[in-house]
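The values are calculated or read from the model by the stated rules, or taken from the named source; none is laboratory data. Please read all numbers here as calculations on a predicted model, not as lab measurements. As a convention, Cβ positions derive from the backbone with ideal geometry for all residues, glycine included, and neighbour counts pool all protein chains shown.
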Amino acid sequence: MKKIGVLTSGGDSPGMNAAIRAVVRAGLYFDLEVVGVYKGYHGLIHDQIGPLTSAHVSNLVQRGGTILKSARSAEFKTPEGRKKAHENLKKHQIDALVTIGGDGTFTGADLLSKEFDFPVIGIPGTIDNDLYGTDYTIGYDTAVNTVVNAVDKIRDTAGSHDRLFIVEVMGRDAGFIALRSGIGAGAEKILVPEAPTNIEKILQKLEKDMRQEDKAGIIIVAEGDEYGGAMGISKIVKEHFPDYDTRVTILGHLQRGGAPSAFDRVLASGLGYQAVKGLMDGKKSVMVGSINRKIVFTPLKKAIKYHSSINKELLKIAEILGGG
Ligand code: ATP
């Protein structure tokens with residue numbers, strides 16, 4: 001193996017740059033040439049590929065986003081698209097590829113790897129933390145900290161005005177961000193897609209709080225909650241308690257940006273290095289992850305098929321600590 005490529009794909013996440021830096025510097029350490037593929041699979045199909053040197057990745061570990069840019073490519077979902085991508089890999093004499101992204105990215109990576117017997121290793125880069133085969137994905141910790149910082153600020157207004165804030169966080173299918181940030185921010189209620197939302201219980205608690213003249217509060221809702229995110233919950237609360245001073249805050253894309261936390265930088269650095277080392281050791285079609293502080297390589301097929309499940313005990317603890 002002489003030359004490897006690296007790309008970022010799907011939604012960006014804080015720490016992707018630290019992972020790119022690690023792949024480049026580890027590659028150079030192992031005497032490999034490293035090239036960057038710009039705009040994910042789109043760039044692979046349309047030949048947007050350029051060299052990456054140590055200088056390209058200096059002053060990068062602390063920056064959010066991805067210098068390689070990210071994109072979604074419908075073309076890569078077709079066999080013709082992947083054939084073009086493979087032709088470009090051959091043209092540039094790239095021997096192996098590191099793909100940083102989520103399960104969509106790995107689905108594409110697995111197909112490319114199997115169809116052309118081409119070595120690909122995936123690095124989990126998504127704020128959702130929903131990938132099987134790693135305790136944490138790159139960007140999740142930063143996103144949780146961003147939400148906690150935002151809710152701390154919102155809580156000041158909630159307290160000053162006796163308002164109930166319903167805060168929507170990212171997570172169409174997974175409630176990891178909601179659960180962890182909700183506990184960290186001391187939310188009264190946390191609603192996630194993985195557990196049925198007991199709306200009666202929420203209304204009972206709000207009624208009790210109202211009677212005790214303690215109307216200030218925070219409800220954290222993952223966008224994929226069955227009642228339709230923060231707007232859906234707010235509508236129900238307003239119907240039952242028109243006098244409740246309720247506000248909705250949708251944190252949206254600010255959860256994906258910003259400087260990565262120290263945790264994400266260290267995770268990305270370790271996984272980036274291990275991905276390159278894994279390729280040197282002949283590994284292919286796997287995702288590199290960290291479980292119980294040990295490096296684990298999981299077949300991409302498995303990483304895609306299964307999902308990390310939310311910690312139900314933590315959910316119960318959140319319920320108790322939030323006041324029941
Ligand atoms: P996240 O969901 O965290 O944003 P992701 O990697 O899951 O990250 P997707 O948009 O689902 O993001 O996928 C990224 C890219 O991977 C797609 O634009 C597409 O090029 C490729 N991809 C996704 N699904 C497939 C598939 N079934 N076959 C081939 N390629 C795919």
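Condition first: part of a loop (DSSP other than H, G, I, E, B) and touching a residue at least 40 places away in the same chain (Cβ under 8 Å). Now tell me which residues in segment 26-43 satisfy that. Working first, answer last.
Residues of segment 26-43 that are part of a loop (DSSP other than H, G, I, E, B), as a first pass: 30-32, 38-39.
Within segment 26-43, Phe30, Leu32 qualify.
Among the residues of segment 93-132, how many are more than 14 Å from the ligand (Cβ to nearest atom), touching a residue at least 40 places away in the same chain (Cβ under 8 Å), of a type outside the set (S, T, N, Q) and surrounded by fewer than 18 Cβ atoms within 10 Å (Cβ to Cβ)?
Matching residues across segment 93-132 total 1.
Restricting attention to segment 2-36, which residues are surrounded by fewer than 24 Cβ atoms within 10 Å (Cβ to Cβ) and either among the basic types (Lys, Arg) or not assigned by TED's automatic domain parsing to the domain that holds Gly101 (or both)?
Of everything in segment 2-36, those that are surrounded by fewer than 24 Cβ atoms within 10 Å (Cβ to Cβ) and either among the basic types (Lys, Arg) or not assigned by TED's automatic domain parsing to the domain that holds Gly101 (or both) turn out to be Lys2, Lys3, Arg25.
I'd like the full set of residues that are touching a residue at least 12 places away in the same chain (Cβ under 8 Å) and more than 9 Å from the ligand (Cβ to nearest atom), limited to segment 69-82.
Quick first cut of segment 69-82, residues touching a residue at least 12 places away in the same chain (Cβ under 8 Å) only: 69-73, 75-77, 79, 81-82.
Of everything in segment 69-82, those that are touching a residue at least 12 places away in the same chain (Cβ under 8 Å) and more than 9 Å from the ligand (Cβ to nearest atom) turn out to be Lys69, Pro79.
List the helices (runs of 4 or more DSSP H) inside segment 260-324, counting only whole elements, that have at least 3 residues being of a type outside the set (A, V, I, L, M, F, W, C) and modelled with pLDDT of 95 or more. Please lay out each step first, then the result.
Numbers: elements: 262-280, 300-305, 312-321.
Here the list reads 262-280.
How about segment 41-59: which of its residues are within 20 Å of Ala262 (Cβ to Cβ) and surrounded by 15 or more Cβ atoms within 10 Å (Cβ to Cβ)?
Our first condition is that a residue be within 20 Å of Ala262 (Cβ to Cβ); within segment 41-59, this holds for 57-59.
Result: Val57, single match.
Whether any residue in segment 44-65 is under 22 Å from the mean Cα position of the chain (by Cα), of a type outside the set (Val, Ile, Thr) and not in a loop (DSSP other than H, G, I, E, B) is what I want to check.
no
Just the residues that are out of contact with any Lys or Arg (no Cβ under 7 Å at 6 or more places or on another chain) and either in a strand (DSSP E or B) or among the acidic types (Asp, Glu) (or both), please, taken from segment 202-219.
Matches in segment 202-219: Glu207, Glu213, Asp214, Gly217.
Residues checked against (1) buried (at least 24 other Cβ atoms within 10 Å of the Cβ); (2) among the β-branched types (Val, Ile, Thr); (3) at pLDDT below 95; (4) not in a helix (DSSP H, G or I):
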residue: Ala143; (1), (2), (3), (4): yes, no, no, no
residue: Asn149; (1), (2), (3), (4): no, no, no, no
residue: Lys153; (1), (2), (3), (4): no, no, no, no
residue: Ser181; (1), (2), (3), (4): yes, no, no, no
residue: Ala187; (1), (2), (3), (4): yes, no, no, yes
residue: Ile190; (1), (2), (3), (4): yes, yes, no, yes
residue: Pro193; (1), (2), (3), (4): no, no, no, yes
residue: Glu200; (1), (2), (3), (4): no, no, no, no
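Among all residue pairs at least 6 apart or on different chains, which show Cβ distances below 8 Å where the first residue, located in segment 270-296, is farther than 20 Å from Leu28 by Cβ and the second is among the charged types (D, E, K, R)?
Pairs found: Ser285/Asp110; Ser285/Lys114; Ser285/Lys301; Gly289/Asp135; Ser290/Asp135; Ile291/Asp135; Asn292/Asp135.
Where residues in segment 14-68 are farther than 20 Å from Ser269 by Cβ and among the hydroxyl-bearing types (Ser, Thr, Tyr), which of them is nearest to the ligand (Cβ to nearest atom)?
Tyr41
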